[in-house]
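Shown next, in structure tokens, is the structure this report addresses.
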Amino acid sequence: MISHPSTGVQQWANQPHVLSGVHGGVVQPKNRPSNVIDLTGCDSRPPENEHPVKRPRLELNAGGTAAVDSKTLVRSAELRSASGNGTFRPPVLSVRGRPPCSFHDLVAETSGGGALQGGNPAVVSQVLKTASPPPFPIRPWKGALPERPVTGSQESSPEREVLTTPYHPEIPSVAPVLKGDSKYSVDNNFKEKNECVIDIFLFAPVGVADFSLWTGDHPEDVLNEQTTKQGHYDRTQVSQNESNTARPSLYAQLKHRAGLQVLSSVFAAALEKRQLHIKVTTSSTFRPPPRVTLTDNKREAWLRDLANSNVPLRRLSRTIPHGIRGKMLLDQCLSKWIPIGRAVWLAKCVGANEIRAFKRKGTSGALALGLEAKWVRDWTTNVQLFIEGVISVCGKSVDWKNRMTYGVRLTARLFFENLLDQDCYLEWFLSSLENATADTLPIWLLMLGIYWDHILRYRKRGRRLAEVLLEKLRQLTASASKELMSPLIGRLSYLVKRLAYEQPSSFVLPRSWHDYNGILSACLNLDEPADKVAFQSLMDRNLRVQPVKDCHKERQRLPQQRIISVLDAACSSHNLTALSETCLSTVEDRAVLISRLLEWAATFFRYGLVRVYIAARLLRKWKKLGIDVDSHTLSFLVGAGDKTGLDMVNVYHVIAELVRSQTFCVTRYLEWLVARGAVGSYERTKQQSVTNDVELLSQLPVSRLPQHVQNLRNTLLIRAGLPLEDSVLKAVKADIRQRLPGVFGPYMEHSAVTSDNVHRYPNLTWAIKSEVGQWIRRGIADHYKETPRSIVTQKFASGAQEKENSSLTPEEFVVIRGILESLGDLSILADVLSHAADSNDTVVLASAVDTLNYHFDAFNVIGAITDLFRSLFGAYVRVKHAGLPVHDLVFSLIDLGLRVPNEANTLTILRQDLARLDRKSVLAASSPVSEHMAETLNSANPSFSDDLDQFLSSGNTMDEVTLIAIFKTLTSQLESGSGKRRLSSNEICRYLSQLRTFNHKQFDLLLIKWIEGFLKSSTRSNLLPKVLPPLVGVGCVTLPAFFAMVKRLQQTESSRPRTSNVAGLQLNLVELLVPSTLSNLGAADLLSYRFRMAQQEFLSKYPEEALSIVHDASASFCLSASQKRLDSQKPLLHRVLMPVLRDLFVRHPEPMVDHCLHQLKENYPATIDAIQQTLNLLLELPGLDGALVEAEGAINKVNDFSLPFCQLKLQLLFDTASQEDVKDGVVDIMFKAAVADVRAGKSHWLDLVSLPNQDAVQQIRHRAEKGFLSIVLTDGPVECDTLTIIDRSHSQDTAKIYLTVMDGLASSIPQVGMPSVAPLLVEKMNVLLQKLVLAQANLKSVNLNRGGVVTDHISRILPVFERNFNFWFTALLHMIVIHRPAFDSAQQAAQRSSALLDQSRLLIAICCLALSRSPASLASQSSAVGYVPSYMSAGQQQLCTYSSLQTYALDVAASLVDSLPDDARQQCSRFLRDRFPPQLHVQNEPRLLYLLGPVSDPTLPISTSSPITAAPSSSMASANLLPGTSPIQTTAPINTPAGISEDATLITNRLRIQHRGRAVSAFTLRPWEMLEEAAPMVGMNDTAVDLGFFGARRVRE
């Protein structure tokens, strides 16, 4: 019967559909089982384009239904508005108006980001609780009918919604379903409850109990007397031929024995016929909606209907307008606000028609696949242009947020439904993110959350994302608007940290780690243990796979080597407190520190006495800190005999300074000497040379020692056979008295001492030197105090006359200064200068200032520079007030004041005084000098000097003619011989300096012209050394300006030379640079000493210019010698050049050697011979035994100080060798020395063989590579029958040495790599793989034969094999890291194919070895304790020791994959699938999938050019990569269908077509054809996937 509403039964026709926050359906929990697979949709949710959803109406019933509160209705309405079924409405923003951190929440409504694809279960449950429908009423057939609710007033009844569409009667969804009524189509409630699947009985005829729609033709609709009285009911028509019961027939059969069998056969046959009858056998009739050409108005109307969710898709699917495709389609969807689901439906319809058009054109299958892939790429490009256009108008329109949200959701839905080329799309996304500006970067970062998982799925994109994020972070951090960009920087830092935790392998960046490791560490909080461990792990992994040449640049030097650089820098800084702290913190071993300090002070390869005083001051400081300086010093003396290149005089000088300051305990030394028996041992052996510890006896100063200590010392000297110093001391004192009778008194006794004793001063022992110095200091002090000399000084301002004590004369001061300088006792010289400051002689004061300036570094270390400068400045003030001439003194004080710290005020006063002196003549009244006096000047006149003084002082101005005349007169005197002139060179130069004050500019022009003419004259060679020093001393000429003028003169005369004897001129220039000797101490007057200062300054500040002068002299001399055959004069040239070169080398050891190494052969070829002889002199090499002997001798002289010179010597020997066998011999010697140093644990070999000549370095590296590969070849395989593996410790040690040499010389590998090494590495890795496979097979056979019992023999053999395998695998991996440039893509096309083949084979071998299990699970779990690179620090080596070998191998494989093309990657994955066991297949190993992905088809090929090879057994016996076995085939590329998801774990990618129980091919679901409601009429099999594949059945009525 029909249930009328008046009967009180709840009417369900207007029951609203349950709303959802995702797609308009109920979001079911994940744990709800799905019975049927949805074959029409591309995701697990129902289509969004269902029938239009009515506005929900709330029925207020008293009993049947539960009331729903207002919050539920509001939430349901919001969720419905957010769904895709209704018209799109933008989401309501929060109060703050800030955009979301990611579009991932918005895309949750799409198929890729929703709760059904791994969303948050909490969110899903919250949606279920919030948007749940009211409870169902009691089903009418299971209980009594509910009472009719009592209706109240009209106001209490709910308002009925006015329907906008024609009324269509609806069958109650809860009515019981019966068979037999074909008018009913689907159970809506069943669909809602099972939205994740589709009902395969969709088109089966079903019916509903006790319900029939009113049509007017139904028998129930006819009202007659019978129906009025009795009602309507269906009468069963029973045939007369049929009995009412089957009991008689069945009972008769049951009586027989075979009756049950017959009945079962009948029923089975009936069921079988039924199955065959109702099974869907028709083929799929699916066709996408056809396209027709419509007018613009009709097309717009159709699009408006599509945007209206109330218009069903089945009505629109009859025809779709033609011409809507590509970017235009997306723009129309955006402009019409078409719901996302309907927009995707339209895109699928258009795409399906476009793709089917290729097949209708008669193209072949492969060509159709190619065209389809091309169309998908073009479609993807249109989507990219669409989203770029949406982003470009961001912020330029009112509704830009809504448009932005829509565009992002639409493109994400297309991506997740596999309607795009995912690889192309993600590459474009990363490129856009990389090229994004700071304004658009936040948008791309928001979109990054949508595709985060897909980007990190494979290394190809994950590594690029890591580099892009780090680069963006680096740019923003370095920008000027860093504070403004702090939110964006924080977001990037969060993403980097998240990426480091979720996919740390993406931060394995072999090529860019050094650029970004600081940025990554800044993103992590290294104070947190987790962040620190993560960063250390990444640091370790990157360090082992990055290019070795970069690691060599950061190679840490030993503390003993670093301390040398610290001490060298201290020679100019003079901060001893900071120096002491640095030394103590750098070298913890105090014995090593003091030994290295004394060695630095005594080496021949450093310059200056300042080293001695630095060492003495440091040792005094350390003595006060409690360090046992005496013991460490004595230990150094004992071991110094084995060291070369040491000047022990400097060591004795340091100890003498310590004895003077009572820092060194002499008594303890003597007791130590007696206890060791060193004196008796020396006396018994009668050695030719005295040992250093015994020699110290004769070097100790004894003036302040107690008498008993002096007696013990003298006794030991006599026992050792060493002479006492009394006689020598008397002779030296007698010589000094003869030269300085005014200071020390006349020498009355007869003595054989002559003036030649001055040559013996440097060779005296420090016992004598110290005693002589102290005797001189006492004599000068007594001379100032006790010897009166009454000289009348000029009147002071008070008018009184004063007498002063006798002071040193300039001649006496020069002699005393020369003696003390020859002794090297600058401490006593400082005391002498303090006495000289009391003098009123301006020449003595100026000489004292110059002395202080000349030894500035040493006096500064001593600590006397500031006090002496102030004392001398006070003397200057005193003599200035006395009216004495102070011009020279002011000049000297200004030069010194520029170097003295904290004396700026004093320097300002001195400059003001100098300017006042220069302006004195200008401010005075103009008084020209007398021209008549100038005409009367005659150089031959005996009174010429007095007349010239009177003339120059007669006025303050001078005309040009007079100045020229006086200048010519003075210069003619200079050019004349010393016997013909009345004045000395110094006096003439002083007059020239005085003449210069009249007109500086005119005088300088005259002087330059005169010097140019003088240099061209023939008398130049004899007069230049005598003329130039006084000119430099008076300040008329400077050495840099003079040499620059000479060089410019030579360049101007290169075409027409006018200078006579150019070679002689060059030789004279070099002679000007030769350091002055101490042979003529008395000649070192004021001007000569200033020239020595100018020499020292030029050699210190202009070493390259000095080297250029030496080269020019050598080149000119060699040219002249070849023309005039003057080979006999070469020794003379070398005697002049070698002192200059030696001084340059020891002053600037590393800069000069480096300059010569790189530019000597190109810029200074003529100087090579002189440099070689200078190096022989420094290294104490004979130089006459041939190149090989010299090379071996230079290598034997190598230490931390001589290393640059030995390196230069070897470089010169290799460059100058004319024969190849000589070069090979030099290389062999260097290679053997490198091997010996590595074996001994030394590090000098690396700097020694790292020559600028890359040919020699490459030859050394080739020898190391050859030796390493030969060791691998000689290592025999595992014996198959006994599993015998010999522990080759010696071979491994040798291999480590060769690897260390290759590490150090990896910088010599060219940028294109060494292609010849790649096949050898592949072969060795293949041999190692064969050993592993063979060992596995042997172990398996032994276990089978002996019942799985591991014998003692096997337990002993397995660790040996594991260590051997571990070492060689690690060593080969390191070889691959070294030669990785050979596998990079930047190669020629001819070599690229073979390089790809080697790279692919090597990659496969590494993956197999890394992921295969060794006999004791070595490769998977054990730590990598094999070869560790030597360039790592101790901490890094410890980290590498405990890092996983498997991780290291996969990181090396990742570095190879980075440069591997996509097609080669695909072939490698297929090769692993075809040739290796299942555990090494890409789809079964996530790590391989991460490296080699994305793989189009990880399991079965769609079309192949060759049959599939069956996978071998687990023993991998067929996994041998023979040279003929190539993973890279030359067949045509395999075209994969467009739209397949890259995720190999999806069920849609694992569908297979079976035939006779075997999977014959892959079944590809075409996402473009996954259309719902594609046809206007429902058919039997009109789904995109043929239902016959699943054995679908029709439900019959």
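The values are calculated or read from the model by the stated rules, or taken from the named source; none is laboratory data. Keep in mind it's a predicted model, so treat the numbers as computed, not measured. Heads up, the Cβs are rebuilt from the backbone with ideal geometry, glycines too, and the neighbour counts pull from every protein chain shown. To get the accessible areas, we keep the full protein, side chains included, count just its heavy atoms, and leave off ligands, DNA and RNA. Shrake-Rupley method; radii C 1.70, N 1.55, O 1.52, S 1.80 Å.
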Original post:
How many of the residues making up segment 342-397 are touching a Leu at 6+ places or on another chain (Cβ under 9 Å), open to solvent by 30 Å² or more (accessible area, probe 1.4 Å) and among the polar types (S, T, N, Q)?
Top reply: 2
Original post:
Out of all the residues in segment 532-555, is one or more within 26 Å of TYR854 (Cβ to Cβ), open to solvent by 10 Å² or more (accessible area, probe 1.4 Å) and modelled with pLDDT of 90 or more?
Top reply: no
Original post:
Could we say that LYS460 is under 25 Å from the mean Cα position of the chain (by Cα), in contact (Cβ under 8 Å) with a residue 60 or more places away in the chain and open to solvent by 40 Å² or more (accessible area, probe 1.4 Å) here?
Top reply: yes
Original post:
Going by the structure shown, is LEU952 over 55 Å from the mean Cα position of the chain (by Cα) and modelled with pLDDT of 75 or more?
Top reply: no
Subject >> Considering residues of segment 981-998 that are out of contact with any Leu (no Cβ under 6 Å at 6 or more places or on another chain) and in a helix (DSSP H, G or I) only, the residue nearest to GLY1035 (Cα to Cα) >> reply: SER993
**OP:** Could you tell me whether any residue of segment 1012-1019 is at pLDDT below 90, closer than 21 Å to ASP1085 by Cβ and surrounded by 15 or more Cβ atoms within 10 Å (Cβ to Cβ)?
**Re:** no
Original post:
Can you pull out the residues in segment 364-389 that are among the aliphatic types (A, V, I, L, M) and touching a residue at least 60 places away in the same chain (Cβ under 8 Å)?
Top reply: ALA366, LEU369, ALA373, VAL376
Original post:
So which residues in segment 318-334 are part of a loop (DSSP other than H, G, I, E, B) and among the charged types (D, E, K, R)?
Top reply: ARG318, ARG325
**OP:** For MET1325, indicate whether it is in a loop (DSSP other than H, G, I, E, B) and at pLDDT 80 or above.
**Re:** no
Original post:
In this structure, does VAL832 turn out to be modelled with pLDDT of 90 or more, in contact with a helix residue (DSSP H, G or I) (Cβ under 8 Å, 6 or more places away or on another chain) and open to solvent by 50 Å² or more (accessible area, probe 1.4 Å)?
Top reply: no
Subject >> Residues being open to solvent by 20 Å² or more (accessible area, probe 1.4 Å) and not in a helix (DSSP H, G or I) - total across segment 1459-1479 >> reply: 1
Subject >> Close pairs (7 angstrom Cβ cut-off, 6 or more residues apart or separate chains): touching a residue at least 24 places away in the same chain (Cβ under 8 Å) in segment 1064-1075, among the β-branched types (Val, Ile, Thr) and open to solvent by less than 10 Å² (accessible area, probe 1.4 Å) anywhere >> reply: LEU1069/VAL1046; VAL1070/VAL1110; VAL1070/VAL1140; LEU1073/VAL1140; VAL1074/VAL1140
**OP:** Those residues that are small (Gly, Ala, Ser) and either open to solvent by 30 Å² or more (accessible area, probe 1.4 Å) or over 27 Å from ALA373 (Cβ atoms) (or both), I need them from segment 1548-1586; list them, please.
**Re:** GLY1557, ALA1559, SER1561, ALA1575, GLY1579
Original post:
Out of the residues in segment 690-725 that are aliphatic (A, V, I, L, M) and open to solvent by 50 Å² or more (accessible area, probe 1.4 Å), which is modelled with the lowest pLDDT?
Top reply: LEU724
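Just to be sure, is SER1414 more than 22 Å from ASP1293 (Cβ to Cβ), surrounded by 14 or more Cβ atoms within 10 Å (Cβ to Cβ), at pLDDT below 80 and hydroxyl-bearing (Ser, Thr, Tyr)?
So SER1414 passes the test.
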Subject >> Contacts under 7 angstrom Cβ, first residue in segment 1458-1469 being among the acidic types (Asp, Glu), partner modelled with pLDDT of 85 or more and open to solvent by 20 Å² or more (accessible area, probe 1.4 Å), 6 or more apart >> reply: ASP1458/ARG463
Original post:
In segment 1001-1012, what count of residues is obtained for those that are closer than 12 Å to LEU974 by Cβ and more than 59 Å from the chain's Cα centre (by Cα)?
Top reply: 1
Original post:
Tally time: how many residues in segment 999-1036 are farther than 16 Å from GLY1064 by Cβ, among the polar types (S, T, N, Q) and not in a helix (DSSP H, G or I)?
Top reply: 1
Subject >> Some residue of segment 1128-1138 being at pLDDT 85 or above and open to solvent by 30 Å² or more (accessible area, probe 1.4 Å) >> reply: yes
**OP:** For residues that are open to solvent by 40 Å² or more (accessible area, probe 1.4 Å) and part of a helix (DSSP H, G or I), scanning just segment 878-903, find the one that is nearest to ALA570 (Cα to Cα).
**Re:** ASP895
Subject >> ARG668 in contact (Cβ under 8 Å) with a residue 60 or more places away in the chain and open to solvent by 30 Å² or more (accessible area, probe 1.4 Å) >> reply: no
Subject >> Checklist (1) modelled with pLDDT of 90 or more; (2) open to solvent by 10 Å² or more (accessible area, probe 1.4 Å) applied to ALA601, failing item >> reply: (2)
Original post:
List pairs: first in segment 629-644 and modelled with pLDDT under 90, second in a helix (DSSP H, G or I) and among the aliphatic types (A, V, I, L, M), Cβ under 7 Å, 6+ apart or cross-chain?
Top reply: ALA640/MET648
Original post:
Any idea which of GLU1265, GLU1279, GLU1192 is modelled with pLDDT of 80 or more and more than 35 Å from the chain's Cα centre (by Cα)?
Top reply: GLU1192
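If you go through segment 972-983 one residue at a time, do you hit one that is farther than 30 Å from VAL1062 by Cβ and at pLDDT below 85?
Checked segment 972-983: at least one residue is farther than 30 Å from VAL1062 by Cβ and at pLDDT below 85.
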Original post:
Could you count how many residues in segment 619-638 are open to solvent by 30 Å² or more (accessible area, probe 1.4 Å) and either charged (D, E, K, R) or under 30 Å from LEU1179 (Cβ atoms) (or both)?
Top reply: 8
